[in-house]
Amino acid sequence: MLVYMNTFENIKTLNSNFPIEDQFYASENEAIVADGITRDPIGISDLSTCTQKEFLAKYPRPSGAELAAKEICNTFSKSSGLLKDRLIQCNHAIKTLNDKYILECDYLENDYFGAVASCVSIKNDILDYAYICDCGVMVFDSLGNIKFQTEDDKEHYSDPFINRIGISWNLPEARVIVRRDYRNNLDNTYEGKCVSYGAITGESAAISFIKSGQIKLSTGDIVLVYSDGFSKFLHEQDFISQIINFEKSKFENYIEMKAQSNYEKYGKEKTLVLFKK
């Protein structure tokens, strides 16, 4: 049933020894994709003063984002049971990682190591899924019609409020506000609804942001497990055509072409695992 799995690097960091912060694990009937939370460069708090070359040179190696994403995939691969419970086990594993590396979280250079993730398990005609934040799961039928897609909770619930902060992300105070007040903060509400987003950081509140469910599959259905770098591809007809008529080399050439055509939309790090029923 497993057809394809791959992480495509950010085209701006190719050949730079930059950490791979998307990770995945997949077997014939289950998969997880984890997208590590980008770290701050060492010794540079105002990112507006930082060139691309300086950012790459000062970026932490090893990266806590890469370590967290790897730990989540490793923990998932060794676990069993309900998918939500397995993500909770992943969160416990990241707490252990942060207890080792982060003595005091400052939400900047010493922010918690963490990642977001989505996962699936397919048994007979039933797809179980679980996810947190903007990694997702999508199902197409054999004709390319969308049967199901998880919600991007950060885009839909948190970003409208984050965008009103009025401070550039380049400034450290903006990054502190977002990571402290909008990540795993159940008390951050508007009109009675939480407007924070979740991430697997080892914090106990992260568990409340894990969503899960189950849908029935039909013969010919295509299941995608993806990181947010693929989000802009998913509803485009040429992408849908590629996955319906999947050929590895053609698909990878297509992804490379799109990445080169528009870096901001298509060129960043991204991961995809594809199953066909």
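The values are calculated or read from the model by the stated rules, or taken from the named source; none is laboratory data. On a predicted model such as this, the values are computed, not experimentally measured, just so you know. Because the Cβ atoms are built from the backbone with ideal geometry, glycine has one as well, and the counts that use them run over all protein chains shown. Ligands, DNA and RNA are stripped out before the accessible areas are found, and what is left, the full protein with its side chains, is counted by its heavy atoms. Shrake-Rupley method; radii C 1.70, N 1.55, O 1.52, S 1.80 Å.
Brief remarks follow.
- Counting only residues that are at pLDDT 95 or above and open to solvent by 40 Å² or more (accessible area, probe 1.4 Å), the range 13-39 holds 6 of them.
- Selection count, the range 210-259, where residues are part of a helix (DSSP H, G or I) and in contact with a strand residue (DSSP E or B) (Cβ under 9 Å, 6 or more places away or on another chain): 12
Here is a yes/no grid of residues against (1) in contact with a Leu (Cβ under 6 Å, 6 or more places away or on another chain); (2) at pLDDT below 95; (3) open to solvent by less than 10 Å² (accessible area, probe 1.4 Å):
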| site | (1), (2), (3) |
| --- | --- |
| Tyr101 | no, no, no |
| Tyr112 | no, no, no |
| Cys119 | yes, no, yes |
| Asn124 | no, yes, no |
| Tyr129 | no, no, no |
| Cys135 | no, no, yes |
| Phe140 | no, no, yes |
| Leu143 | no, no, no |
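- Selection status of Phe148, out of contact with any Leu (no Cβ under 7 Å at 6 or more places or on another chain), of a type in the set (A, V, I, L, M, F, W, C) and in a strand (DSSP E or B): yes
- Leading residue by the ranking (farthest from Val137 (Cα to Cα)) among those in the range 209-230 that are open to solvent by 40 Å² or more (accessible area, probe 1.4 Å) and among the hydroxyl-bearing types (Ser, Thr, Tyr): Thr219
- Test for Arg61: is it open to solvent by less than 30 Å² (accessible area, probe 1.4 Å) and free of Cβ contacts under 8 Å to residues at least 60 places away in the same chain: no
- Contacts under 8 angstrom Cβ, first residue in the range 163-192 being of a type in the set (Phe, Trp, Tyr), partner part of a loop (DSSP other than H, G, I, E, B), 6 or more apart: Tyr182/Asn188; Tyr182/Val195; Tyr182/Ser196
- Residues within the range 108-138 that are under 26 Å from Ser231 (Cα atoms) and in a loop (DSSP other than H, G, I, E, B), tallied: 8
- Tallying residues that are open to solvent by less than 40 Å² (accessible area, probe 1.4 Å), in a strand (DSSP E or B) and either within 24 Å of Glu66 (Cβ to Cβ) or hydroxyl-bearing (Ser, Thr, Tyr) (or both) within the range 158-208 yields 3.
- Exactly one residue out of Phe239, Phe246 is without any contact (Cβ under 8 Å) to a residue 24 or more places away in the chain and either buried (at least 20 other Cβ atoms within 10 Å of the Cβ) or among the hydrophobic types (A, V, I, L, M, F, W, C) (or both): that is Phe239.
- Just one residue in the set Lys78, Lys70 is open to solvent by 80 Å² or more (accessible area, probe 1.4 Å), closer than 16 Å to Ala26 by Cβ and more than 19 Å from the chain's Cα centre (by Cα); that residue is Lys78.
- The set of residues in the range 1-56 that are assigned to a loop (DSSP other than H, G, I, E, B) and of a type in the set (A, V, I, L, M) comprises Met1, Ile11, Leu14, Ile20, Ile37, Ile42, Ile44.
- The number of residues in the range 254-277 being touching a helix residue (DSSP H, G or I) at 6+ places or on another chain (Cβ under 6 Å) and open to solvent by 60 Å² or more (accessible area, probe 1.4 Å) comes to 1.
- Flag if Thr7 is among the polar types (S, T, N, Q), open to solvent by 70 Å² or more (accessible area, probe 1.4 Å) and within 30 Å of Gln242 (Cα to Cα): no
- Residue count, the range 81-92 (criterion: closer than 18 Å to Tyr25 by Cα, open to solvent by 20 Å² or more (accessible area, probe 1.4 Å) and in a helix (DSSP H, G or I)): 4
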